[in-house]
Amino acid sequence: MAVQQTSRLRRIAIGFALYLGAVALGLGSAWWVLKKAPFTNRTVQAGAWRTNTLAGSTDADMYTRAGVAVNGLLALGRDETMYFIATHDDAGRPLRSQCSYRVAGEPPKARWWSVTVYADDMFLFDAPNQHYSLNGSTAQLDAQGRFAFSTGHQAQPDTFWLPTPGNRGMVMTLRLYNPEPSLQAAPASLVPPTIQQTGDCA
């Protein structure tokens, strides 16, 4: 009797463990898809920046819509807003908060634009100077009509500084509001801001 009871408990324990494993695998795979889906399917690349042609489109499938929601892009229609993200610099190295970068380019063809730097959990960095992004209103253009800013632990001379404290991955998001029709039709035609590492990582 005791042997039968032990065998039954063992079967229940094994079944429960398998059930938990299946749930964990299902949730984990769903989370991976939702975190990756917005920028793995129908992706267009422009320099270090990429965008999903379905984000903000009426043709977006349920995975794209769920992924956009999970990643906090709050995508509007393509004629209203376009989103490009960068997780690597121009040399193909993953962006890290302890490294310093210079980001430079010409203002995108849109009514208004912004570049925001996030930690890899898609939350803003703790910036003591309250600088979280550069945008079409705060950007100071040089004689060639180009903007520039820096990221990292320390401010770089003569550039707008977005602090990125800590030692972790980071993501840059370029938002274009009311982009020109030509850019809406061909996202790869974006003249991408360059992302160059400056000096050694801290």
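Remarks
- Segment 109-161: C-alpha gyration tensor shape, a/c 1.5 cut-off, then a/b vs b/c: oblate
- For the peptides 189-200, 129-140, residues were scored by their other Cβ atoms within 10 Å and the scores averaged per peptide; the highest-first order is 189-200, 129-140.
- Taking amide H positions as modeled 1.01 Å from N, with prolines and chain starts lacking one, the residues under 5 Å from A110 and 5 or more places away or on another chain are E180.
- Per-peptide packing, taken as the mean over residues of other Cβ atoms within 10 Å, places 85-95, 161-171 in the sequence 161-171, 85-95 from highest down.
None of the figures in this text is laboratory data; all of them are computed from the coordinates on show. Computed from a prediction, not measured in an experiment: that's the story for all the values here. Cβ: placed from backbone, ideal geometry, glycine included. Neighbour counts: every protein chain shown.
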